[in-house]
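One structure below.
The values are calculated or read from the model by the stated rules, or taken from the named source; none is laboratory data. Quantities reported herein were computed from a predicted structural model and do not represent experimental measurements. Backbone-built Cβ (ideal geometry, glycine too); neighbour counts: all protein chains shown.
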């Protein structure tokens, strides 16, 4: 049985340990993440659940022993958004599920939200 998430972690670990510049690390990891999220079964259902009383749910899926990187699942409730902000670090974002066809995503100078 294959383990898409385990394979992803192993591949990312190899990239992280190469000591690249952050922009090159992002470029190296992006296709690996794209491949992972193409597999609809990689993320367990318990990490896909929203929390209706909060704007989003956050689940830590993995953190390397030395804290060099982590993988987090965010589950946004319909109509929720987030102002554009900076975490002062590199990051790669993948969408595990598409928005429903009747949802439009809008990017503005201040916020990116589903409307």
Requested in this report: Please give the number of the condition residue 94 fails out of (1) exposed (fewer than 13 other Cβ atoms within 10 Å of the Cβ); (2) at pLDDT below 80; (3) within 28 Å of residue 24 (Cα to Cα).
Outcome: (1)
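Consider segment 25-37. How many of its residues are in contact with a helix residue (DSSP H, G or I) (Cβ under 9 Å, 6 or more places away or on another chain) and farther than 13 Å from residue 71 by Cβ? Reasoning before the result, please.
Start the filter on segment 25-37 by keeping residues that are in contact with a helix residue (DSSP H, G or I) (Cβ under 9 Å, 6 or more places away or on another chain), which leaves 25, 28-29, 32-33, 35-36.
Right, trim to farther than 13 Å from residue 71 by Cβ and you get 25, 28, 35.
The number of residues fulfilling the criteria is 3.
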Query - Breaking point among (1) exposed (fewer than 12 other Cβ atoms within 10 Å of the Cβ); (2) at pLDDT 75 or above; (3) not in a loop (DSSP other than H, G, I, E, B), for residue 106 - result: (2)
Query - Among (1) surrounded by 11 or more Cβ atoms within 10 Å (Cβ to Cβ); (2) outside any helix (DSSP H, G or I) - the single one residue 40 does not satisfy - result: (1)
Report task. Name the single residue, out of those in segment 43-81 being touching a helix residue (DSSP H, G or I) at 6+ places or on another chain (Cβ under 7 Å) and not in a loop (DSSP other than H, G, I, E, B), that is surrounded by the most Cβ atoms within 10 Å (Cβ to Cβ). Result -> 73
